[in-house]
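Chemist: Handing you this structure, nothing more for now.
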Amino acid sequence: MTRRQSTQVNVGTVPLGGDANVSVQSMTNTDTADAVTTLAQIRALEAEGCEIVRVAIPRADALEGFKRICAESPLPVVADIHFDHRLAIEATHRGAAKLRINPGNIGDMARVDAVIDTAGAAGIPIRIGVNAGSLAREYQDLDMHLAEKLAASAVSFCEHFESRGFSDIVVSAKASSVLTTIDTYRLLAA
């Protein structure tokens, strides 16, 4: 099988995209403020073959636990951020190997730009997420299929990131319909 060529980024020491092997990623379901329990879960995931772990930072009081998790984790840690750009910035300062954001729910583009600048200075990639449930208003009203709206939104965010000199991008698109999600990825690949 011939794979479509994509740009490779690194999450810690794990390459994504390009000619890299598919990597196994999972997410913890512990309270990130409880670093001991979260690290135990990460070690259990590693024992099962996990290579990258995603950890939610739902609030500021989880940041100190996140710092310890990054320092002691045997796997590169992705900071899973929703709504608050300050958490993404602080997670970067505390050792995140990658940020996972949905720019559409971070707020205005000045906030997104602050995250881009911080991640760029740290040399870590950002996963840009778009999903049907939080599609930006300018795409909701377009006369297009949902897959086209999701792809257009993702491309717009990628173009914005690249206009700021940031290209370590991973794209994620989701809809409740599997077929819509597949169609979205086909559009993005094209």
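Chemist: Just give me the residues in segment 1-20 being assigned to a loop (DSSP other than H, G, I, E, B) and of a type outside the set (S, T, Y), in sequence order.
Modeler: So the first thing to find is which residues in segment 1-20 are assigned to a loop (DSSP other than H, G, I, E, B), and the list is 1-8, 12-13, 17-20.
Listed by number, the residues that qualify are M1, R3, R4, Q5, Q8, G12, G17, G18, D19, A20.
Chemist: Checking H82 against (1) within 11 Å of the chain's Cα centre (by Cα); (2) crowded, with 21+ Cβ neighbours inside 10 Å, only one condition comes out false. Which one?
Modeler: Condition (2) is where H82 drops out.
Chemist: I'm trying to understand the selection: among the residues of segment 102-141, which are open to solvent by 70 Å² or more (accessible area, probe 1.4 Å), over 16 Å from L87 (Cα atoms) and not in a helix (DSSP H, G or I)?
Modeler: Once the filter is applied, which keeps residues that are open to solvent by 70 Å² or more (accessible area, probe 1.4 Å), over 16 Å from L87 (Cα atoms) and not in a helix (DSSP H, G or I), segment 102-141 yields only D141.
Chemist: Name the residue, out of A96, A147, that is under 17 Å from V171 (Cα atoms), touching a residue at least 12 places away in the same chain (Cβ under 8 Å) and among the small types (G, A, S). Let's see the steps before the verdict.
Modeler: Working: A96 fails: under 17 Å from V171 (Cα atoms).
Answer to the selection: A147.
Chemist: Follow-up. Out of (1) under 15 Å from P58 (Cα atoms); (2) modelled with pLDDT of 95 or more, the odd one out for N102 is which?
Modeler: (2)
Chemist: When you scan segment 1-54, how many residues do you find that are closer than 30 Å to A190 by Cα, touching a Ser or Thr at 6+ places or on another chain (Cβ under 9 Å) and free of Cβ contacts under 8 Å to residues at least 12 places away in the same chain?
Modeler: Qualifying residue count for the region: 1.
Chemist: Every residue in segment 162-183 that is among the polar types (S, T, N, Q) and either in a strand (DSSP E or B) or touching a Gly at 6+ places or on another chain (Cβ under 6 Å) (or both), please. Even if it seems obvious, please write down each step before you answer.
Modeler: Residues of segment 162-183 that are among the polar types (S, T, N, Q), as a first pass: 163, 167, 172, 176-177, 180-181.
Once the filter is applied, which keeps residues that are among the polar types (S, T, N, Q) and either in a strand (DSSP E or B) or touching a Gly at 6+ places or on another chain (Cβ under 6 Å) (or both), segment 162-183 yields only S172.
Chemist: Which residue out of S163, S153, S134 is in contact with a strand residue (DSSP E or B) (Cβ under 7 Å, 6 or more places away or on another chain) and polar (S, T, N, Q)? Walk me through how you get there before you give the answer.
Modeler: Numbers: S163 fails: in contact with a strand residue (DSSP E or B) (Cβ under 7 Å, 6 or more places away or on another chain); S134 fails: in contact with a strand residue (DSSP E or B) (Cβ under 7 Å, 6 or more places away or on another chain).
Just a single option satisfies the conditions, and that option is S153.
Chemist: Identify the single condition in (1) open to solvent by 20 Å² or more (accessible area, probe 1.4 Å); (2) among the aliphatic types (A, V, I, L, M); (3) modelled with pLDDT under 95 that A20 does not satisfy, given that it satisfies every other one.
Modeler: Here A20 meets the rest and fails (1).
Chemist: Out of A71, A88, I need the residue that is more than 13 Å from T32 (Cα to Cα) and in contact with a helix residue (DSSP H, G or I) (Cβ under 8 Å, 6 or more places away or on another chain). Which one? Steps first, please.
Modeler: Details: A71 fails: in contact with a helix residue (DSSP H, G or I) (Cβ under 8 Å, 6 or more places away or on another chain).
Exactly one residue qualifies, and that residue is A88.
Chemist: Since A175 meets every condition but one in (1) surrounded by fewer than 17 Cβ atoms within 10 Å (Cβ to Cβ); (2) more than 15 Å from the chain's Cα centre (by Cα), which condition does it not meet?
Modeler: The single condition A175 does not satisfy is (1).
The values are calculated or read from the model by the stated rules, or taken from the named source; none is laboratory data. These numbers were taken from a predicted model, which means no experiment stands behind them. FYI the Cβ positions are ideal-geometry reconstructions off the backbone, even for glycines, and counts take in every protein chain you see. To get the accessible areas, we keep the full protein, side chains included, count just its heavy atoms, and leave off ligands, DNA and RNA. Shrake-Rupley method; radii C 1.70, N 1.55, O 1.52, S 1.80 Å.
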